[in-house]
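Heads up, the thing below is written out as structure tokens.
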Amino acid sequence: MELKQAESEIAVIKKIMEDSKRIAVNDGKDFIIWGTLVFTGLIGTYLFILWNFDVYIGWLWCAVILIGWIFSIKMHSRAKKSCNARTFAGKILGALWVSSGIGMSLIGFIAGAGSTISMWAICPLISIILGIAYYVSGIIYGYSWINYISLGWWAGAVVMFIFPGIYTLLLFALMMAMLQILPGMIFYLRWKRQYGNALT
């Protein structure tokens, strides 16, 4: 009885891994769009501070996050209509990134607006959350190189905690380009090779 249960559980895990490999490449657009938006917000914040336009920083990030969430909701809605069934792996990945996104939004807006933490702690805290999200995603996807990306996020968080200041914005922007946008492009190109005829 225990042997049959173990075999059944292994079969479920294999199915999740197979499903997740297809989902991983489809997620490339989310990585690229969010990475590009946050990269733009970070560079904009850096320039606004230099130009003493601090009053516009909040509005900049409101626009960045709003555009990102609208894009994600539309993509999620389109994916649900185009797929006959949502896989278990897809549900886990969706829950992981939605919860991570909510957590990062709360850190950026709520914690950042108050006096609980320094504004220079926002980037490293978000970097820690991204490291967790990438680490778990790597296990679900079955791609070990995604796990290594999480090490980059965590290492960057350590540097930003030790050396706080305006230049953490530039470091975080560089991390966003290398650890978010670039992996998204890899996913997208892989998806394009495998599902090119389904591109819209």
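The values are calculated or read from the model by the stated rules, or taken from the named source; none is laboratory data. Every value quoted in this text rests on a predicted model; they were computed, and no experiment measured them. Glycine also receives a Cβ, built like all others from the backbone with ideal geometry; neighbour counts cover every protein chain displayed.
Side notes on the structure shown:
- The requirement of being modelled with pLDDT of 90 or more, touching a helix residue (DSSP H, G or I) at 6+ places or on another chain (Cβ under 8 Å) and hydrophobic (A, V, I, L, M, F, W, C) is fulfilled somewhere in the range 23-32, by at least one residue.
- Search result, residues across the range 134-163 that are under 16 Å from LEU182 (Cα atoms) and among the hydrophobic types (A, V, I, L, M, F, W, C): TRP145, ILE146, ILE149, LEU151, TRP153
- Being over 24 Å from PHE88 (Cα atoms), in contact with a helix residue (DSSP H, G or I) (Cβ under 8 Å, 6 or more places away or on another chain), surrounded by fewer than 21 Cβ atoms within 10 Å (Cβ to Cβ) and not aromatic (Phe, Trp, Tyr) is a property that holds for LEU151.
- Scan of the range 70-85 for residues that are modelled with pLDDT under 90 and either exposed (fewer than 15 other Cβ atoms within 10 Å of the Cβ) or among the basic types (Lys, Arg) (or both), ordered by number: ILE73, LYS74, HIS76, SER77, ARG78, LYS80, LYS81, SER82, CYS83, ASN84, ALA85
- Selection count where residues are closer than 21 Å to LEU169 by Cα and either touching a residue at least 12 places away in the same chain (Cβ under 8 Å) or assigned to a helix (DSSP H, G or I) (or both), scope the range 89-132: 29
- Residue list for the range 170-199, filter: small (Gly, Ala, Ser), at pLDDT 95 or above and surrounded by fewer than 18 Cβ atoms within 10 Å (Cβ to Cβ): ALA177
- Filtered residues of the range 86-119 (kept if of a type in the set (Ser, Thr, Tyr), surrounded by fewer than 18 Cβ atoms within 10 Å (Cβ to Cβ) and either touching a Phe, Trp or Tyr at 6+ places or on another chain (Cβ under 6 Å) or within 17 Å of HIS76 (Cβ to Cβ) (or both)): THR87, SER99, SER105
- Answer from ILE146, ILE166 - the residue that is among the β-branched types (Val, Ile, Thr), crowded, with 16+ Cβ neighbours inside 10 Å and at negative phi: ILE146
- Enumeration of residues in the range 146-170 that are free of Cβ contacts under 8 Å to residues at least 40 places away in the same chain, in a helix (DSSP H, G or I) and more than 17 Å from the chain's Cα centre (by Cα): VAL158, VAL159, ILE162, TYR167
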